[in-house]
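For reference, the structure is listed below as structure tokens.
What follows is calculated from the coordinates using simple rules that are stated; it is not laboratory data. Computed from a predicted structure; not experimentally measured. Neighbour counts are summed over all protein chains in view; Cβ atoms, including those assigned to glycine, are modelled from backbone coordinates with ideal geometry.
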Amino acid sequence: GSYWLTRSIFLRALGFVYGTAFLVALHQNKALIGDKGITPARNALKSAFERGKVKRRRREEWLRQRQNYPKLGDKDEMNPVWFWF
């Protein structure tokens, strides 16, 4: 193609932008993520773990409740109703 020079310049410029962004992030991450950073990782991970435990407990409770619903193939009076749907 006739756009090889434009493509080459564009890709090199894009590489320069990404490289600069990586170097800036490398320099700033120590101050942003550490124990004394803007969002201390230890506190953020602890709160995420607690939210996960609550979510898991709710999911397990929902599954326990779901097991009590009548199922297709059970020998009970509700089964003929399911065939209408």
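Of note:
- With both labels modelled 7 Å from their Cα along Cα-to-Cβ, the residue 17 to residue 49 distance reads 4.0 nm.
- Anisotropy class of the stretch 6-65 from Cα gyration tensor, a/c 1.5 cut: oblate
- Separation in nanometres of the label points that stand 7 Å from Cα toward Cβ, at residue 41 and residue 27: 2.1
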